[in-house]
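Below is one structure, written out as C-alpha cells; the observations come after it.
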Amino acid sequence: MKIVLPVAGKGTRLRPHTHTKAKSLVHVAGKTVLEHIISRLVPLAPEEFIFITDENGAQISDFMQQHFPDLNCSYLVQEERLGPAHAVVLAAPRIEPGDDLLVVFNDTIFVADLGQISKLTEDCDGLIYSMEVEDYQRFGVNVVKDGLIVDMVEKPDTPISRLAQVGLYYLKDANAFMTAIQETLAAGDTVKGEYYLPAVFMRMIAGGTRFKAPQIDAWLDCGKPETLLETNRYLLRGRHHVHGEAVNTVLIEPVHIEKGAVVRNCILGPDVSVARGSVVEESIVRDSIINADSTVQNMVLHRSILGDSVRLVGSPRVMNIGDHSLIEMVD
C-alpha cells in the first residue's frame, strides 16, 4: 500500500496560526495534527508515504524526519492550486502496477479501524469513508443502494443522504484511479475552477467501479479555531498526561503537559494541552491549547489557542471593595 497525504492547503480558516506554519503542524491534545494522523496509519505498514506540499514542504519533511525517521517518505510540490484531485494526481509517478492506495486529507483526524480494509473490499474496488451527519447540507454526501455507492451529491437541499465524505479514500487499483483523475482533468470537469474527487469517483462508478461507504467512528475537524478546541477536548478524554513539570499546581483532568513544559502556581484544566518549552505561571487556564516555547503569566484563559513562541503577560489586581458592590470585568 502507498498513502497519499495532500498537505498543501493554506489553512486560511486557522489564521493567524497558519501564517508561518503548515496547518497540519498545529498542535492539538499534545501532538501536531499530522502526528495524530501518521500514528493512525503506521500500523498499516505502507510501502511509502507520498506528501503533496506547498512552499512549506520543508516544514513537513523536517517534521517527518525528526518524529518518524524510519518511514519511507517522498515529497511533491503542488505549484498550482487547482483543487484536491489535481493535488492527488501529482503522485501518479510514484504509483506502480499492482499498488493499492489510501488518500488521507489533513483537515481532520479520523477514528477508524483501517485494519478492516481487506475484509471490506472483498467484494468491491474501493472505500469512500463516510460519517452520518445532521447538517448534511454542508457536505458532499454518498448515496448508497444495496451496499454500494450509486451517486454523490454536493451539499444537497434535501436529505437524499446524510453520509458525508470525510476525506479518507481507499483504492484497490491505484493506477486506474490515477487514470480516472487524468481523464477528469482532460475533460475540464471543474467546480469554480478546481478539480474535486467526487467527479473522478462518479466517472469510475459509471465505468463499473464499485465503492462502499463505510462509516468511521469519529470525524475530528481541525480546520477552524473552534473545531480545533472541540477536537482537543475529544482527544484528551481519558488521556491525563503530565510529562513535564507541574509545581504547586491544581490539575483538573484531563490535561496534557508535554515533556519540557513547566507549569507553576496555576489551576489548569479541564481540557488543556501545553506543548514543550512553554512556561505557564500564576494563571488559570481551561479549554485551551498552548503551543511550543510560549510564556503565560498572571492570566485567566478560556477557549484560547496560543501559537509558538507567544509571550502573554497580565498583572494581578489588588482591590478594596465594600458591601453590596457589583464588579464586572469583561474582556
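Which ones in segment 149-162 are under 28 Å from I95 (Cβ atoms) and within 27 Å of the chain's Cα centre (by Cα)?
Across segment 149-162, the qualifying residues are I149, D151, M152, E154.
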Looking at this structure, is R276 farther than 28 Å from V133 by Cα and surrounded by fewer than 17 Cβ atoms within 10 Å (Cβ to Cβ)? yes
Within segment 20-46, can you find the residues that are assigned to a loop (DSSP other than H, G, I, E, B) and surrounded by fewer than 13 Cβ atoms within 10 Å (Cβ to Cβ)? T20, A45
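Which of the residues spanning segment 201-225 are among the β-branched types (V, I, T) and either touching a Cys at 6+ places or on another chain (Cβ under 8 Å) or in a loop (DSSP other than H, G, I, E, B) (or both)?
T209, I216
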Can you tell me which of F49, F68, F63 is closer than 26 Å to A261 by Cα, modelled with pLDDT of 95 or more and aromatic (F, W, Y)? F68
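Do we find that V166 is of a type outside the set (K, R) and closer than 22 Å to V88 by Cα in this structure?
Answer is yes for this residue.
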Being more than 26 Å from the chain's Cα centre (by Cα) and in a loop (DSSP other than H, G, I, E, B) is the filter; apply it to segment 299-316 and report the residue that is nearest to V242 (Cα to Cα). M299
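Out of I181, I160, report the one residue that is at pLDDT 95 or above and either over 25 Å from E79 (Cα atoms) or β-branched (V, I, T) (or both).
I181
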Requiring at least 3 residues that are under 18 Å from K31 (Cβ atoms) and not polar (S, T, N, Q), the strands (runs of 3 or more DSSP E) wholly within segment 235-298 are 255-257
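Rundown of residues vs (1) more than 24 Å from I109 (Cβ to Cβ); (2) buried (at least 16 other Cβ atoms within 10 Å of the Cβ); (3) in contact (Cβ under 8 Å) with a residue 60 or more places away in the chain; (4) not hydrophobic (A, V, I, L, M, F, W, C), yes/no style:
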site	(1), (2), (3), (4)
V242	no, yes, no, no
N248	yes, no, no, yes
L268	no, yes, no, no
V285	no, yes, no, no
I289	no, yes, yes, no
S304	no, yes, no, yes
D308	no, yes, yes, yes
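The values are calculated or read from the model by the stated rules, or taken from the named source; none is laboratory data. These numbers were taken from a predicted model, which means no experiment stands behind them. For neighbour counting, all protein chains shown are included, and Cβ atoms are generated from backbone atoms with ideal geometry for every residue, glycine included.
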